Amino acid sequence: MKLTRYAGNPILSPNPANSWEALVATNPGAWLDPETGKVTMLYRAAGADVEHRIYLGLAESDDGCTFRRVSDQPAFSPSVDGFDAGCVEDPRIVKFGDWFYVTYASRPFPPGQYWESGAKLGRIPAPPEWPWALRENATATGLAITKDFRTWIRAGRMTNPTVDDRDVILFPEKIRGRFAMLHRPMDWVGPKYGTEYPAMWISFSEDMLDWRDSRMLATATLPWENKKVGGNTPPMRTDAGWLTLYHAVGADHRYRLGAMLLDLHDPSRIVARTPDWLLQPEEPYELEGYYPGVCFPCGKVAIGDVLHVYYGAADKYVGLATCSLSGLLDYMLS
């Protein structure tokens, strides 16, 4: 089984009319309003500045396929001088009650135009006594809270300041009274952790900013998974389990997508996993960009029985791919 690309891809491209998104519009998170059917998208955006400061833009759709930008200004921007002053990117959206909770990757300094030869990924000369996260311009994950995607509460850092931890994704409801999240700590490798490459972990907490109960969930074990694996989209409750998409980096350094079903009551247990990839980079907009050969979703929604997967293509565009939700579940459980 494979995902089918939307004929109108890419559904979002860089917008030269706005300097902050003139170069990049990619890696989208998404939310479906069950009452109106409207899909809200937050997407990673950047302009042509050498520092490559990264923002979140906002777009909306009435049909889940055709999106319109809501404003000529970013919906969410890096802070002035905080842990996320360099970039805010790769948003994942869940909702508890009246509030949306958005996890996002960040750095203290802009990453620089990393695709250019000789780029140093934003590192600056730093004295040895500086905290590691500043010396290395390391990735952390932040939590932002909003009711309308226009005004925000910047709740703070969710991850350990001494660990490069990304692909942080909240479950949309508590599990046995606790919050749960998926994440991929880049440094939790080696015999101590039981994995040769960065893996998917699951953690539980009484508080969204304090995560102490962690266990490894999944490593690269299938033929198309050569190195690291990481989560992509917030888990979706189904009768068969929590459905989430994940990516794996192959021997050719391309990012392919798979799916997992996690037990509804104990999501640290994998119920099923796609034996083969569902989507791999093949189209020009997936192969020709700032990180060639990448399909990277941060959001998915189910409109009826059609699963809509919104993915970043080559760190430059937004693409849409779909499949039958029931068909995917049948395929995974067969």
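Remark: the R178-I303 segment gains 42.2 nm on full extension, using 0.36 nm per residue and subtracting the alpha carbon distance. Summarising the amide proton neighbourhood of R256: residues at separation of 5 or more, or on other chains, whose placed amide H is nearer than 5 Å comprise A248, G250. For the stretch 237-252, 3J(HN,Hα) computed residue by residue from phi via the Karplus equation (6.51, -1.76, 1.60; θ = phi - 60°) reads 5, 10, 4, 8, x, 6, 9, 9, 9, 9, 10, 9, 9, x, 4, 8 Hz, glycine and proline entered as x.
Subtracting the Cα-Cα distance of A7 and V80 from their residue separation scaled by 0.36 nm leaves 22.3 nm. Amide H contacts of T238: L243, each under 5 Å away and 5 or more positions distant or on a separate chain (H built 1.01 Å from N in the peptide plane; Pro and chain starts excluded). Each of R69, R92, R184, R135 has some number of other Cβ atoms within 10 Å of its Cβ, and from fewest to most they run R135, R69, R184, R92. With 27 Å as the limit, the listed pairs K2/K174; K192/K316; K174/K316; K174/K300 have K2/K174; K192/K316; K174/K316 beyond it between alpha carbons. Residue by residue, the stretch 298-303 carries 3J(HN,Hα) couplings of 10, x, 8, 9, 10, 10 Hz when phi is fed to the Karplus relation 6.51 cos²θ - 1.76 cosθ + 1.60 (θ = phi - 60°); x denotes Gly or Pro. Apply 1/(1 + (r/R0)^6) to the Cβ-Cβ distance of D252 and E116, taking R0 = 25 Å, and write down the FRET efficiency to the nearest 0.05. Computed FRET efficiency for D252 and E116 comes out at 0.70. Computed from phi, the 3J(HN,Hα) profile of the stretch 181-192 under the Karplus parametrisation 6.51, -1.76, 1.60 (θ = phi - 60°) reads 8, 9, 6, 9, x, 5, 9, 8, 9, x, x, 4 Hz, with x in place of Gly and Pro. Ordering T238, T233, T195 from the fewest to the most neighbouring beta carbons within 10 Å gives T238, T195, T233. Extension gain, R269 to E60: 0.36 nm times the residue separation minus the Cα-Cα distance gives 71.8 nm.
With the charge dipole of the stretch 4-333 set up from +1 on Lys and Arg Cβ and -1 on Asp and Glu Cβ about the Cα centre, the Cα lying farthest toward the positive end among the listed residues Y331, G190, T244 is that of G190. Spin-label model, A155/D187: points 7 Å from Cα along the beta carbon direction are separated by 2.4 nm. Fewest-first ordering of W130, W20, W115 by other beta carbons within 10 Å of each residue's beta carbon gives W130, W115, W20. For L333, project a label point 7 Å along Cα to C-beta. Then give me every residue of the stretch 1-31 with its amide nitrogen under 18 Å of that point. 1, by backbone N distance to the label point. Calculated FRET efficiency, E35 to W130, Cβ-Cβ distance, R0 = 45 Å: about 0.40 to the nearest 0.05.
Seen from C87, the other residues with C-beta closer than 11 Å to its C-beta sum to a net charge of -1, counting Lys and Arg as +1 and Asp and Glu as -1. Taking amide H as placed 1.01 Å from N in the peptide plane, the amide H of V24 sits under 5 Å from that of N15, A46, each at least 5 places away or on another chain.
So what's the net charge close to A48: Lys and Arg +1, Asp and Glu -1, counting the other residues with Cβ under 12 Å from its Cβ?
-3
No lab work stands behind these numbers, since they all come straight from the coordinates. Please read all numbers here as calculations on a predicted model, not as lab measurements. Note that each Cβ is placed from the backbone with ideal geometry, even for glycine, and that neighbours are counted across all protein chains shown.
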